[in-house]
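Okay, structure first, notes after.
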Amino acid sequence: MAAHQGAKHHAAKMTTAKVRQARKYFDSERMTVAQLAEKYEVSWSTMNHIVRRESWKHVS
């Protein structure tokens, strides 16, 4: 059985909508990785992977 990805994963703190919003803030340089990590209550490393599209790759 395939592992659940994204919001379907049992330990997910982010949703598809939150990922899109965080990437929008980061891409427009309105917020830093650290600010986003604090806002969404995830680690800096997790947020860095999200905004650099190394995780949540299925979200455009």
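Assorted remarks:
- Long-range lysine pairs (8 or more apart or interchain), the chain, Cα under 15 Å: 7
- Sparse packing (at most 14 other Cβ atoms within 10 Å of the Cβ) combined with a DSSP loop state is found for the following trypsin sites (Lys or Arg not before Pro) in the stretch 4-51: K13, R30.
- Total formal charge among the other residues, if their Cβ is under 15 angstrom from that of T46, Lys/Arg +1 and Asp/Glu -1: +4
- The Rg/Rh ratio of the chain, with Rg taken over Cα atoms and Rh as the Kirkwood radius over Cα pairs, comes to 0.96.
Only the coordinates and a few stated rules stand behind these numbers; no lab work does. Given the structure is predicted, the values throughout are model-derived calculations rather than measurements. Neighbour counts are summed over all protein chains in view; Cβ atoms, including those assigned to glycine, are modelled from backbone coordinates with ideal geometry.
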